[in-house]
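Worksheet: the structure to be examined is printed underneath.
Bear in mind that the values in this text are calculations on the coordinates, not laboratory data. Predicted, not measured: the structure shown is a model, and the values here were computed from it. All Cβ positions, glycine included, derive from the backbone under ideal geometry; neighbour counts span all protein chains shown.
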Amino acid sequence: MASLQIALDAPFCTKKEFIRRTGWSTSSLDRAIARGEIPILPKHGEKGSVLINLVKVFERSAEQEV
């Protein structure tokens, strides 16, 4: 079985950056987060930013490759 290596420039990103990178709409991303399809870090405080865990996103994507 082949090995997959992915280089990330950062382990986390904001929702705004994820949308910029993927082209998803805000509502699609919010629904995916609510369903648990996009892993996020726990928010600190009410006004804290939502940070998407890119490492987990890529791990899940690699697991689904056939």
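Structural remarks
- Within the range 18-66, the set of residues being outside any helix (DSSP H, G or I), in contact with a strand residue (DSSP E or B) (Cβ under 9 Å, 6 or more places away or on another chain) and β-branched (Val, Ile, Thr) comprises ILE38, ILE40, VAL50, ILE52.
- Among the residues listed as LEU51, LEU29, LEU41, the single one being in contact (Cβ under 8 Å) with a residue 12 or more places away in the chain, touching a helix residue (DSSP H, G or I) at 6+ places or on another chain (Cβ under 8 Å) and hydrophobic (A, V, I, L, M, F, W, C): LEU29
- Within the range 28-58, the set of residues being exposed (fewer than 14 other Cβ atoms within 10 Å of the Cβ) and charged (D, E, K, R) comprises ARG31, ARG35, GLU37, LYS43, GLU46, LYS47.
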